[in-house]
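**Q** Below is the structure I would like to discuss, written out as structure tokens.
The values are calculated or read from the model by the stated rules, or taken from the named source; none is laboratory data. Predicted model only: the values in this text are computed from it and were never measured. Cβ atoms come from the backbone with ideal geometry, glycine included; neighbour counts cover every protein chain shown. Only protein heavy atoms, including side chains, enter the accessible area calculation; ligands, DNA and RNA are left aside. Shrake-Rupley method; radii C 1.70, N 1.55, O 1.52, S 1.80 Å.
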Amino acid sequence: MLLKVQRVISATLGELPIQEGGGTFKPSGHKRETKGAEVAENIDFVESPTAAELKLKLNASSSVDIQSVDVSDDTLTIFLCGGGQHVMPNAWSTEPVELGNGEYEVTFNSRKSQKLV
């Protein structure tokens with residue numbers, strides 16, 4: 001079974017009106033860059049943290065005002081179709097949204113994400 005973003009609940013906005021197949025989630029983690037050396041035993045890596053990222057395509061509906069999606073401190077709970085749950089505390093939207101043909105896209109980041117289930 002492919003894991004997909006099924007539902008997202010915002011502490012500020014309530015349940016977000018996600019389009020079918022309209023979500024991707026990347027948990028927080030670490031990026032590792034390999035550092036070369038003249039001797040193989042000295043090859044190593046440098047690690048830097050990466051933010052959690054949630055990209056959504058939302059239906060423009062009266063349940064969520066598009067200007068209210070411009071958040072800077074929200075808690076997002078992500079429900080995956082396989083039953084998994086993650087939380088993104090202190091999440092922020094990365095850019096103002098642009099309304100299209102009854103839909104808009106929004107990207108949220110947070111310093112860390114946590115797997116709940």
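**Q** Tabulate in residue order the Karplus-calculated ³J(HN,Hα) for the stretch 62-69, using 6.51 cos²θ - 1.76 cosθ + 1.60 with θ = phi - 60°, rounded to whole Hz; enter x for Gly and Pro.
**A** 6, 6, 9, 6, 5, 6, 6, 6
**Q** May I pose another question? Run down the aspartates and glutamates and flag those whose C-alpha is under 15 Å from the C-alpha of K31, throwing out any fewer than 8 positions away in its chain.
**A** Output for K31: D44, E47, E53.
**Q** Sticking with this one: Taking 7 Å along the Cα-to-C-beta vector as the label spot, tell me the V46-T107 distance in nanometres, rounded to one decimal.
**A** The modelled label-to-label distance comes out at 2.3 nm.
**Q** In debye, nearest 20, what is the charge dipole magnitude of the stretch 1-108 about its Cα centre with +1 on Lys and Arg Cβ and -1 on Asp and Glu Cβ, if you could check? Walk me through the numbers before you get to the answer.
**A** Working: 8 positive and 16 negative charges, 76 e Å.
Magnitude of the dipole: close to 360 debye.
**Q** Pop out the carbon and sulfur fraction of the accessible area of the chain as a percent, whole number, probe 1.4 Å. Provide the component values of the computation, followed by the final result.
**A** On the way: 3560 of 7690 Å².
C and S atoms contribute 46 percent here.
**Q** Leaving out ligands and nucleic acids, and using a 1.4 Å probe, what accessible area per residue does the stretch 46-117 come to in Å²?
**A** Details: 4140 Å² over 72 residues.
With the other protein chains kept in place, the stretch 46-117 gives 58 Å² per residue.
**Q** Starting at the first residue of the stretch 109-117, write each ³J(HN,Hα) from the Karplus equation 6.51 cos²θ - 1.76 cosθ + 1.60 with θ = phi - 60°, in whole Hz, x for Gly and Pro.
**A** Couplings: 10, 8, 4, 9, 10, 9, 7, 8, 9 Hz.
**Q** Any idea how far apart S62 and T34 come out in nm if each label point goes 7 Å out from Cα toward Cβ?
**A** Once both label points are built, they end up 5.8 nm from each other.
**Q** Follow-up question, since we're still on this one. Across the stretch 23-37, in residue order, what do the Karplus-derived ³J(HN,Hα) couplings come to in whole Hz, using 6.51 cos²θ - 1.76 cosθ + 1.60 with θ = phi - 60° and x for Gly and Pro?
**A** 3J(HN,Hα) across the stretch 23-37, in whole Hz: x, 10, 10, 10, x, 5, x, 9, 9, 10, 10, 6, 10, x, 8.
**Q** Using modelled amide H (1.01 Å from N, peptide plane; none on Pro or chain starts), what sits under 5 Å from the amide H of V64, excluding residues fewer than 5 places away?
**A** Close amide H contacts, sequence-distant or interchain: none at all.
**Q** Projected onto the charge dipole of the chain (+1 at Lys/Arg Cβ, -1 at Asp/Glu Cβ, origin at the Cα centre), which of V8, A51, S63 gives the Cα projection farthest towards the positive end?
**A** Working it through, the farthest residue towards the positive pole turns out to be V8.
**Q** So what is log10(I(q)/I(0)) for the chain at q = 0.10, 0.13 1/Å, when the Debye sum runs over its Cα atoms only?
**A** For the chain, the Cα-only Debye profile gives -0.36, -0.54.
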